[in-house]
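Asks: I am attaching a structure below and will ask some questions about it afterwards.
The values are calculated or read from the model by the stated rules, or taken from the named source; none is laboratory data. Bear in mind that the values here come from a model prediction, so they are computed numbers and not experimental data. Backbone-built Cβ (ideal geometry, glycine too); neighbour counts: all protein chains shown. Accessible surface areas use protein heavy atoms only, side chains included; no ligands, DNA or RNA. Shrake-Rupley method; radii C 1.70, N 1.55, O 1.52, S 1.80 Å.
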Amino acid sequence: MFGFRDRKEYNGAVDAKLNNEYQIATRDNPSFPGMLAYLELIDNAWKTKMSEDEGALYIATLYYCGILKLGLRAEASPLHSRIQSIVSFGLPKGMISQARWSKFSTAIQQANQEAGIS
């Protein structure tokens, strides 16, 4: 498996992708999970051998579903667009696996249905 240094780099890369590519503030954001919950999400991504891109998409998907449940549609809508854009770039390049995207997109579709978004 990977060493501690690799893990620290992985955590940093996922965090950077969330902040820069998805434009999700992972600090000082009352809608984002607390630090321990966030680290647990990164840990889940690491343990299931997600790439950095998949790990960021995984957390972005969970965040999207969460803010939609909170009724934060104004925040959710641009995030949904960014997710779609990133996936349309990363999926054909193999940066995101089809199997993982299938799971994530199912969660997004379910959240959209529950929020009354078609």
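Asks: Can you tell me how many residues in the range 60-118 are at pLDDT below 95 and within 12 Å of the chain's Cα centre (by Cα)?
Replies: 0
Asks: Another question, if that's okay. Under 7 Å by Cβ, and 6 or more places apart or on different chains, what pairs join a residue from the range 74-86 that is under 19 Å from GLU52 (Cβ atoms) with one that is among the polar types (S, T, N, Q) and not in a helix (DSSP H, G or I)?
Replies: Matching pairs, first to second residue: ARG82/GLN23.
Asks: Among the residues of the range 86-118, write down those that are open to solvent by 70 Å² or more (accessible area, probe 1.4 Å) and under 17 Å from GLN23 (Cβ atoms).
Replies: SER88, PHE89
Asks: While we're here: Restricting attention to the range 27-46, which residues are open to solvent by 80 Å² or more (accessible area, probe 1.4 Å) and either on the phi > 0 side of the Ramachandran plot or within 14 Å of the chain's Cα centre (by Cα) (or both)?
Replies: ASP28, GLU40, listed by residue number.
Asks: Restricting to the range 1-34, give me the number of residues that are over 23 Å from ARG82 (Cβ atoms) and in a helix (DSSP H, G or I).
Replies: The total comes to 6.
Asks: Give me the residue from the range 35-58 that is hydroxyl-bearing (Ser, Thr, Tyr) and part of a helix (DSSP H, G or I) and, out of that set, farthest from LYS103 (Cα to Cα).
Replies: Among residues in the range 35-58 that are hydroxyl-bearing (Ser, Thr, Tyr) and part of a helix (DSSP H, G or I), the one farthest from LYS103 (Cα to Cα) is TYR38.
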